[in-house]
Structure formats: structure tokens, C-alpha cells
Amino acid sequence: MSGGTAQEIDPLSGITARIFVVAVGCVAVLSAGVLTALNADEIVSPALILLAFAALVAGFAYLVWSADPYRRTVTRARYGVTYSLVLVAAILESSGQLGRDTNLRNDWGPIVVALALMVSGSYRRPAEIVLRTAIAAVVVAATTALHTGTTDLGELIGSVTMSGTLVVALGGGAAIFASSLTAALRVDRRRADEARRNRDVRDRRRAIEDFLGTDIESLRRDVLPFLREVKARDVLTDDDRRRAAALAKSLRSSLAVSLAEEPLERLVDVFVDPLAAAAGLGAEQRTALRTVLVHFAAQPGLEAGGLSLEFVRESGRGSGQAGVRMTGELTAVFGPEASPATGIAPFVGLMQLSFPHVDADTARNTIVLRFVF
């Protein structure tokens, strides 16, 4: 990006820049045609004027083609072709009036050269534009000196100044425009890059928090300081390797516990557990219960708010158990057209493998699974 042109930094700017090139090219060709018609009596060589006009049209037509923002960029060589053709057009046009246009330079050569420099602000670097402006000013000054045919220094300076002012003004303006435009684009690009980096950091942090849960104190307390310390030393020792292995083992254990202790209330619409009995479920029991809940939640016809899970404490009876026991009741309510009992046998079997006692009731459009743990 450093040292690039405005089009190279921001390719989308080439869309509006090309419209400007087309407009300026039309103005240049139209101005050349009108001035040629108005000053026809000053033409010495119509052939040179025609060649000059052809070079002018070819130069701007090539620039319009080169400025297509969807397929190409205006490189130094491509702009150089346009610049050279326009300079040649100015020299040929001046030569076609040599000897008659002596009192006042009213030809169109300096005008089209200035216009060609003006459109370069979006495509070339400021230093290059300044150099081309100086070359153009020298060419215009030389052709003006040939036309005046005077040895009076003051008159010669006046003629050169009049013919070269427009070239220097528009060329210098194009260089200033190119410098300010590229500087503004670089600032915008840096801001966009910084915003993207900050967004990436936020997204990564959010992903970590979503993965680990809201409590990532162990990660901040142990892992991150260790990584900063290793980065600051820029050396990895054997102790660092052993510590890294221990931290990795601890982090994996933390992740396993976090995943195993996923709150079951996130999977149901109604959750009742006044005694926090769900905390006493084993890993196998929790996995089985979660599997059944996910299955019911994915079934078509499940009523809105129809999935509930309730834990209660009751005295042991009916199944040969004595004393106080914890029971759970999973309820899924379906619409009148659903068939809730279809395909639930494997899931009831899964629950029976994980819990000591499971009852299934499929009365009407409701499935109720009662289990003891």
C-alpha cells in the first residue's frame, strides 16, 4: 500500500474516476475541434492538424479504455501512452500553425496537455505528476518561443507565461489532489484494518467465552500469564514444556467438567428443581437425559412450551426401595395430529440403562418419563 496510487489503494474509486476521464476527454476533443474551426485561417498544414487531432482522440480513448475499473488499472506505462500522444498532438498542432499564430497563442495544444495532466490525480503518484508537468511546461514553452519569433525578452516571457500557466496550474493541482487523496485513503484503510482487528479480537473472545462458559477465570489466571511470560522471554525451556503439559491437562479437565455440567434448564421450556437435585446426576445419567431431551425437542408437532423437567424428593415405595429418594419427571406435550409414542422405545431403553427405575406413560398426546436416581 505504501507509495501506491489512489486507484491501487482503493480500486472502487476508479469507478467515479473513469467517469471524470470520459468527461474531460470529451471536453478536450470538443475544445480542439472548436478552436480549429475558429482559427482555420491560421492553419499552415491541414495534414499536421489532422494528425494532431487523431493523436489527441487516440490518447484520451486509450486512457478511457485503460481506466476500466473492473478489469485493469492505469499503470505508469498506460498513462504514459496517453500523455505522450497528447504531447505529440500539441506539437503537431503547433507545427501546423507555425508562422501564422504569432501574436497570441490561441491554439488548443496547451489546453489539452493541461487537461491530460488534470485527470492523472487518481491514477499516478504526486512526484510523477510533478515531473510530467515540468516536461509539459518545457514543451509548451518551446513551441510558444518558436511561434513568437521575437528576440524581446519581456515579450517572450509574457507569451511563455500565458501559454504555460494553465499547464502548471492544472498539473500542480493534480499533484496536490493525488497527495491528499492517497493520504486520506491510507488513513481510512488503517482505521478499517484496526476496526477489523478489534472485531476479530472481540469475536475470538466471545467464541472462547461461549465455548468455556462465562467463567474463564482459570484461563485468565493460569494459561494467559504463562503464554505472555514465554513470549517475553522468547525461549522455551524444559520446565516450560512440563508446565504447559500440566496446564493443558488442567484445561481439558475444566472443559470436560464444564460440558458435563451444562445446565439442563437450557434444554427445556419449564424446569423445576427446588432442591438442586440435578447436581447429583452422574455423567452417564446426565448424558442420557440430555439425549432424550434433544430428541423430543427436535420432533415435529411439539407444542410451544411443551417440554418440561421436574425433580422432586419423595419417600421410597412401589419399586422395592426404602427411605428418601430423588425422582424426576420429563414431560413432552405434542399437538393433536402428532404421534408422540412413535420411535421412543430406544430412548426409554437408554434411560433404563442409566437410571435404576424408569416408567413411560404415553397417554393421549403427552409423553411422561418418570425416573429414579
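Structural remarks
- Pairs where the first residue, in region 304-327, is within 24 Å of residue 292 (Cβ to Cβ) and modelled with pLDDT of 85 or more and the second is open to solvent by 60 Å² or more (accessible area, probe 1.4 Å) and not in a strand (DSSP E or B), C-beta under 6 Å, 6+ apart: 307/269
- Looking only at region 59-88, and only at residues there that are among the charged types (D, E, K, R) and in a helix (DSSP H, G or I), the one that is surrounded by the most Cβ atoms within 10 Å (Cβ to Cβ): 78
- Among the criteria (1) surrounded by 13 or more Cβ atoms within 10 Å (Cβ to Cβ); (2) modelled with pLDDT of 80 or more, the one residue 258 does not fulfil is (2).
- Qualifying residue in region 45-58 (condition: within 16 Å of residue 89 (Cβ to Cβ), β-branched (Val, Ile, Thr) and exposed (fewer than 13 other Cβ atoms within 10 Å of the Cβ)): no
- Residues satisfying the stated conditions in region 1-30, i.e. of a type outside the set (A, V, I, L, M, F, W, C) and either under 28 Å from the mean Cα position of the chain (by Cα) or open to solvent by 30 Å² or more (accessible area, probe 1.4 Å) (or both): 2, 3, 4, 5, 7, 8, 10, 11, 13, 14, 16, 18
- Checked against (1) surrounded by 17 or more Cβ atoms within 10 Å (Cβ to Cβ); (2) closer than 18 Å to residue 143 by Cα, residue 120 passes all but a single condition, namely (2).
- Of all residues in region 284-306, exactly one satisfies the criterion of being open to solvent by 60 Å² or more (accessible area, probe 1.4 Å) and within 20 Å of residue 325 (Cβ to Cβ), namely 284.
One line per residue, one yes/no per condition, for (1) at pLDDT 85 or above; (2) touching a Cys at 6+ places or on another chain (Cβ under 8 Å); (3) over 30 Å from residue 16 (Cβ atoms); (4) part of a helix (DSSP H, G or I):
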site: 99; (1), (2), (3), (4): no, no, yes, no
site: 105; (1), (2), (3), (4): no, no, yes, no
site: 111; (1), (2), (3), (4): yes, no, no, yes
site: 138; (1), (2), (3), (4): yes, no, yes, yes
site: 151; (1), (2), (3), (4): no, no, yes, no
site: 164; (1), (2), (3), (4): no, no, no, yes
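- Evaluating residue 94 against the criteria (1) open to solvent by 60 Å² or more (accessible area, probe 1.4 Å); (2) farther than 18 Å from residue 6 by Cα; (3) in contact with an Asp or Glu (Cβ under 8 Å, 6 or more places away or on another chain) leaves one unmet condition, (1).
- Residue 33 being without any contact (Cβ under 8 Å) to a residue 24 or more places away in the chain and either open to solvent by less than 40 Å² (accessible area, probe 1.4 Å) or outside the structural domain of residue 100 (by the TED database) (or both): yes
- The set of residues in region 261-281 that are at pLDDT 85 or above, over 16 Å from residue 371 (Cα atoms) and hydrophobic (A, V, I, L, M, F, W, C) comprises 268, 270.
The values are calculated or read from the model by the stated rules, or taken from the named source; none is laboratory data. A quick note: this is a predicted structure, and the numbers were derived from the prediction, not measured. Cβ sites come from the backbone with ideal geometry, for glycine too, and all protein chains shown count toward neighbours. The accessibility values were calculated without ligands, DNA or RNA, using every heavy atom of the protein model including side chains. Shrake-Rupley method; radii C 1.70, N 1.55, O 1.52, S 1.80 Å.
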